Amino acid sequence: MINLAIIDDQSIIREGLSFMLSKNEKFKVMATGENGRDAYKLCTEFSIDVMLLDIKMPVMDGVEATKLIKRDFPHIKIIILTTFNDDEYIFDALKYGASGYLLKDATMEKIVEAILEAHNGNVLIQPNVAKKMVDMFSKMTTEEVERDSRIDELTEREKEIMKKLGEGMSNKEISESLYISEGTVKNHITSILNKLDLRDRTQLALFAVRNKI
């Protein structure tokens with residue numbers, strides 16, 4: 001059972017997601033809130049595994065809430081769920097440790113997939129969002145983004161896997177595209193994280209895009 005919290009300033013969104021996700025036997029909705037301050041407070045009161053967190057909210061927005069929650073409750077996985085397909089929000093939320101970014105028009109199937117992926121330590125980013133990440137960094141000059149020399153420590157297979165992470169692919173999608181097992185993918189990712197001295201898949205995905213892997 002995965003314990004969920006849903007934070008959104010629109011009651012219809014909170015109630016709708018809570019109702020739909022509660023019907024899934026894998027999930028238990030522990031609490032809901034209206035803003036980032038609520039989100040942080042709920043982390044102190046409930047055992048939460050995954051949080052669906054809106055970005056545009058009063059009192060405290062989702063970016064600031066993500067920063068505080070990941071600082072004090074690093075085990076909680078945060079999925080940014082919003083109608084605002086905005087570059088700044090995408091990068092800030094992921095930079096502070098969000099495990100995924102989905103637009104509110106995503107299907108329930110995609111939301112469920114994102115929760116499961118986040119709970120398993122993966123990062124799920126919609127393809128259009130991943131493309132914006134690539135486009136944003138591709139516009140930067142070489143002076144602004146200097147290639148990290150640690151890339152040279154990676155094997156060709158590791159670079160290939162990191163590239164696919166930067167494109168927003170899950171472990172399952174990577175394993176299917178490369179014809180290797182998910183376990184092998186996970187082992188490679190662990191090796192890459194160690195070589196690059198990165199904390200998690202989110203940092204790795206951003207590293208891949210930033211260095212145009």
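Observations
- Exactly one residue out of GLU182, GLU173 is touching a Ser or Thr at 6+ places or on another chain (Cβ under 8 Å), of a type in the set (Asp, Glu) and not assigned by TED's automatic domain parsing to the domain that holds PRO74, and it is GLU182.
- Candidates ASP9, ASP38, ASP49 - the one that is surrounded by 14 or more Cβ atoms within 10 Å (Cβ to Cβ), modelled with pLDDT under 95 and not polar (S, T, N, Q): ASP9
- The listed residue being more than 21 Å from LEU116 (Cα to Cα), surrounded by fewer than 17 Cβ atoms within 10 Å (Cβ to Cβ), of a type in the set (Lys, Arg) and out of contact with any Asp or Glu (no Cβ under 6 Å at 6 or more places or on another chain), out of LYS56, LYS28: LYS56
- Taken over region 192-209, residues that are among the β-branched types (Val, Ile, Thr) and within 17 Å of PRO74 (Cα to Cα) amount to 1.
- Qualifying residues in region 64-118 (those that are closer than 26 Å to PHE19 by Cα and of a type in the set (Lys, Arg)) - the one surrounded by the most Cβ atoms within 10 Å (Cβ to Cβ): LYS77
- Residue count for region 77-123, restricted to those that are of a type in the set (Val, Ile, Thr), at pLDDT 80 or above and assigned to a loop (DSSP other than H, G, I, E, B): 1
- Listing of helices (runs of 4 or more DSSP H) fully contained in region 169-213 that carry 2 or more residues being among the hydroxyl-bearing types (Ser, Thr, Tyr): 171-178, 182-196
- Subset of region 180-203 [surrounded by fewer than 16 Cβ atoms within 10 Å (Cβ to Cβ) and among the aliphatic types (A, V, I, L, M)]: ILE180
The values are calculated or read from the model by the stated rules, or taken from the named source; none is laboratory data. If you're wondering where the values come from, they're calculated on a predicted model, not measured in any experiment. Heads up, the Cβs are rebuilt from the backbone with ideal geometry, glycines too, and the neighbour counts pull from every protein chain shown.
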